[in-house]
Amino acid sequence: MAAPSWRGAGLVQEVLRVWQVGPHVARERVIPFSSPLSFQRRCVSCVAGSAFSGPRLASASRNYGQGSALDHFLGSSQRDSSVTSCVPAVSMHRDEQDLLLVHHPDMPENPRVLRVVLLGAPNAGKSTLSNQLLGRKVFPVSKKVHTTRCQALGVITEKETQVILLDTPGIISPGKQKRHHLELSLLEDPWKSMESADLVVVLVDVSDKWTRNQLSPQLLRCLTKFSQIPSVLVMNKIDCLKRKSVLLELTAALTEGVVNGKKLEMRQAFHSQPGTRCPSPAVKDPNTLSVGNPQRIGWPHFKEIFMLSALSQEDVKTLKQYLLTQAQPGPWEYHSAVLTSQTPEEICTNIIREKLLEHLPQEVPYNVQQKTAIWEEGPGGELVIQQKLLVPKESYMKLLIGPKGHVISQIAQEAGRDLMNIFLCDVDIHLSVKLLK
């Protein structure tokens, strides 16, 4: 495969080592087969590798966002109290990541810690919120359900405080788990996470008209069993609402009109702004329902309510500051350089699966098996990844490759861009599609 031409950007490449994934760098290597579908039986390789300079470099940094890999390379990231300040990268070497996870925490004299569990229905936005709180995308995000397949851990460390985020799969019923042959982890992990939680964040997608009016029975059972653990309600995706007054009705239903043991004054709540907490209730409610009420659709024991869009840094900043203030004196669990407990390979597999979910229809992405064949550091310090995507049907293979390899190329390009931003290094990613025998 011919190397890209750097021309006048050679100096930028040597000094900054900044790469972009763009449509013009997609390559495909066709391996012919004797079959009517031979044009679909191909091994597609997409390479993330193109240097930029000048205005184009700055433009790319803006596209990737504040706190991105390019921002760090350019030295343009702002050191402030924003969600993305001082965010560590993840090592592309598994042994380094493993050592860091067991390394003695470099905590200050008066450390504080808080373990937070994020609960909610599938596709409520838990992983999006976790990524925004962490300041770097390390959890897969997709519009399709069950993107998160098992519990994942993220770590926020600021000054003397460490907040540990447990991003759980969407809570489902045992019947649904059996009916759709889903992994047992989707059923068990949310409950296991609660055992070590200091605070529960319940996320509700207020844009979903089918689920937003009540908490699921499974979620209510979980809150009831662990009622001693403080909980807060986060009403997510408020940017999708045409009528903000809907928030009044939803707040009343989801909290049963009670917050922090007091009756919620709805007139005040109406003036709440995105990204802020609802005003403190002023009147005690003498008629708080018992925890075991089987007819319950809401939870009257939330300490606070947040209305936000998880896509907005400004909105999420308010929630983050609240979490930091809720931390209690105690030893850190991780070194300040730890961002997630996931291995580099797990992160890569999850990110590629995210792209499969985004680009493939219906049940197709759920039937793709991923196998990493090569994971190594290249001669120039770049991360070289080769992953095989195995599918059970030729029709799936055709959809995954796409016309002239466009779909698989797009998946590799987008995955490469995300991985570059996680590991803060160049990424050379190759994806091949094969039919399971």
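The values are calculated or read from the model by the stated rules, or taken from the named source; none is laboratory data. Keep in mind that this is a model prediction, so the values were computed, not measured. Neighbour counts run over all protein chains shown; Cβ positions are idealised from the backbone, glycine included. Please note that ligands, DNA and RNA were not included when accessible areas were found on the heavy atoms of the full protein model with its side chains. Shrake-Rupley method; radii C 1.70, N 1.55, O 1.52, S 1.80 Å.
In nm, what is the difference between 0.36 nm times the number of residues separating Cys86 and Lys192 and their Cα-Cα distance?
Gain on stretching Cys86 to Lys192: 35.1 nm.
By DSSP, what percent of the beta bridges with both residues in segment 344-435 are antiparallel, rounded to the nearest 5?
In segment 344-435, DSSP labels about 45 percent of beta bridges as antiparallel.
From the backbone phi of segment 258-263, what are the Karplus-calculated ³J(HN,Hα) couplings (6.51 cos²θ - 1.76 cosθ + 1.60, θ = phi - 60°) in whole Hz, Gly and Pro given as x?
Along segment 258-263, the couplings run 10, 9, 6, x, 10, 6 Hz.
Can you send over the carbon and sulfur percentage of the accessible area for segment 344-435, probe radius 1.4 Å, protein chains only?
Whole-percent figure for carbon plus sulfur exposure: 48.
In Å², what does the accessible area per residue of segment 344-435 work out to with a 1.4 Å probe?
Averaged over the residues of segment 344-435, the accessible area is 38 Å².
Could you list which residues have their amide H under 5 Å from that of Phe302, counting only those 5 or more apart in sequence or on another chain, with H placed in the peptide plane?
HN-HN under 5 Å from Phe302: Asn260.
Would you pull out the residues with amide H under 5 Å of Thr340's amide H, same chain only if 5 or more places away, H placed 1.01 Å from N?
Counting only residues 5 or more places away or on other chains, the set is Val155.
Pick out, in residue order, every one of the trypsin sites (Lys or Arg not before Pro) in segment 344-420 that is DSSP loop and has at most 16 other C-beta atoms within 10 Å; say none if there are none.
Lys393
From the backbone phi of segment 343-349, what are the Karplus-calculated ³J(HN,Hα) couplings (6.51 cos²θ - 1.76 cosθ + 1.60, θ = phi - 60°) in whole Hz, Gly and Pro given as x?
6, x, 5, 5, 4, 4, 4
Largest first, what is the accessible-area ranking of Trp375, Trp210 with a 1.4 Å probe?
Most to least solvent-accessible, the answer reads Trp210, Trp375.
Among Ser395, Ile374, Thr349, whose Cα projects farthest towards the positive end of the dipole of segment 344-435, with charges put on the beta-carbon of Lys, Arg (+1) and Asp, Glu (-1)?
Comparing the listed Cα positions along the dipole, Ser395 ranks first.
How large is the dipole of segment 344-435 about the Cα centre if only Lys and Arg carry +1 and Asp and Glu carry -1, each at its Cβ, rounded to the nearest 20 debye?
That gives segment 344-435 a dipole magnitude of about 520 debye.
When the solvent-accessible surface of protein heavy atoms is calculated with a 1.4 angstrom probe, in what order do Leu311, Leu215 fall, highest first?
Listed by decreasing accessible area, they come as Leu311, Leu215.
Run the numbers for Glu160 and Glu109: contour at 0.36 nm per residue of separation, minus the present Cα-Cα distance, in nm.
Here the segment from Glu160 to Glu109 would lengthen by 17.6 nm.
At 0.36 nm per residue, and after removing the present C-alpha to C-alpha distance, how many nm does the segment from Ala253 to Glu314 gain when stretched out fully?
19.3 nm
Can you sort Thr318, Thr161 by solvent-accessible area, 1.4 Å probe, largest first?
Result, largest first: Thr318, Thr161.
What is the projected area of the convex hull of the Cα atoms of segment 344-435, averaged over all directions, in nm²?
Result: 5.6 nm².
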